[in-house]
Amino acid sequence: AQSVTQLGSHVSVSEGALVLLRCNYSSPVPPYLFWYVQYPNQGLQLLLKYTSAATLVKGINGFEAEFKKSETSFHLTKPSAHMSDAAEYFCAVRVNDMRFGAGTRLTVKP
Amino acid sequence: KAGVTQTPRYLIKTRGQQVTLSCSPISGHRSVSWYQQTPGQGLQFLFEYFSETQRNKGNFPGRFSGRQFSNSRSEMNVSTLELGDSALYLCASSLDVTVVSYEQYFGPGTRLTVT
């Protein structure tokens, strides 16, 4: 069965710094991969998805992710963090059903 | 276009009771999935419905059940509630479960507290 591992349950960056959230996946077939963001007391919002069309995927709010098959990774990046980026981020892989990682809480320091 | 709506948003129940949660998908979406989110277990898949048929089911006891109606609205039911059922229950809709690349759109969730 498919699974994802998010490295680091908590990441803290300064405003304006690079954001890097790590995700590694395991899938028996070519995967569909997603990144979602969750703000407090809200549902999940899709940031971006990988569906094999392009290895570098651009999403909303300046986020992007690169699919690396050799490393089975799909890390999320943003060049410059903003205070409003503070939230919990989930990586997910879908084969039949959707499997989520444990999440990474991003804190942005002023 | 309206997003996924879930009712009620908050619910407090007592152990042993049962509860029904409701989800209305985005107009035109035919697939609805349910997830349980807890601090300890994270996001766990409950089940997925498409055209009134359960297509996938997660590893939850039979106390958890669901259904989907002809208008794609879905309900989930938890019987004989336990303290461990306290969680945020999230519903997500997508266009078509047969196309796995379709992203899921999430509702705000129903926060269930069992006392």
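The values are calculated or read from the model by the stated rules, or taken from the named source; none is laboratory data. This is a predicted model, so every value here is computed, not measured. Cβ: placed from backbone, ideal geometry, glycine included. Neighbour counts: every protein chain shown. These area figures cover heavy atoms from the full protein model, side chains too; ligands, DNA and RNA do not enter into them. Shrake-Rupley method; radii C 1.70, N 1.55, O 1.52, S 1.80 Å.
For residue A:108, all conditions in the list (1) farther than 27 Å from residue B:56 by Cα; (2) within 14 Å of another protein chain (Cβ to nearest Cβ) hold save one; what is the number of the exception?
The number of the failed condition is (2).
Please count how many residues of region B:54-71 are more than 13 Å from the chain's Cα centre (by Cα) and more than 14 Å from chain A (Cβ to nearest Cβ).
Let us first name the residues in region B:54-71 that are more than 13 Å from the chain's Cα centre (by Cα), namely B:55, B:59, B:61-63, B:69-71.
Checking the rest, the ones that are also more than 14 Å from chain A (Cβ to nearest Cβ) come to B:61-63, B:69-71.
Of the residues in that region, 6 qualify.
Among the residues of region A:11-55, what is the count of those that are aliphatic (A, V, I, L, M), more than 30 Å from residue B:112 (Cα to Cα) and at pLDDT below 95?
3
Would you check if residue A:6 is assigned to a strand (DSSP E or B), touching a Ser or Thr at 6+ places or on another chain (Cβ under 7 Å) and of a type outside the set (A, V, I, L, M, F, W, C)?
Considered against the rule, which asks whether it is assigned to a strand (DSSP E or B), touching a Ser or Thr at 6+ places or on another chain (Cβ under 7 Å) and of a type outside the set (A, V, I, L, M, F, W, C), residue A:6 comes out as yes.
Report, by residue number, each residue of region B:32-53 that is within 11 Å of chain A (Cβ to nearest Cβ) and either of a type in the set (Ser, Thr, Tyr) or more than 14 Å from residue B:92 (Cα to Cα) (or both).
The answer is B:33, B:35, B:39, B:40, B:41, B:42.
Strands (runs of 3 or more DSSP E) wholly in region B:26-109 with at least 2 residues that are open to solvent by 20 Å² or more (accessible area, probe 1.4 Å) - which ones?
Filter on region B:26-109 gives B:31-38, B:42-50, B:53-57, B:64-68, B:74-78.
Of everything in region A:1-59 that's more than 10 Å from chain B (Cβ to nearest Cβ) and aromatic (Phe, Trp, Tyr), which residue is nearest to residue A:106 (Cα to Cα)?
Only one residue fits best here, namely A:39.
Considering only region B:6-25, state which residues are more than 12 Å from every other protein chain (Cβ to nearest Cβ) and either part of a loop (DSSP other than H, G, I, E, B) or open to solvent by 50 Å² or more (accessible area, probe 1.4 Å) (or both).
Passing the criteria: B:7, B:8, B:12, B:13, B:14, B:15, B:16, B:17, B:18, B:20, B:25.
Do you know which residues across region A:64-101 are away from chain B (no Cβ under 14 Å), without any contact (Cβ under 8 Å) to a residue 40 or more places away in the chain and in a loop (DSSP other than H, G, I, E, B)?
Answer for region A:64-101, where residues must be away from chain B (no Cβ under 14 Å), without any contact (Cβ under 8 Å) to a residue 40 or more places away in the chain and in a loop (DSSP other than H, G, I, E, B): A:69, A:70, A:86.
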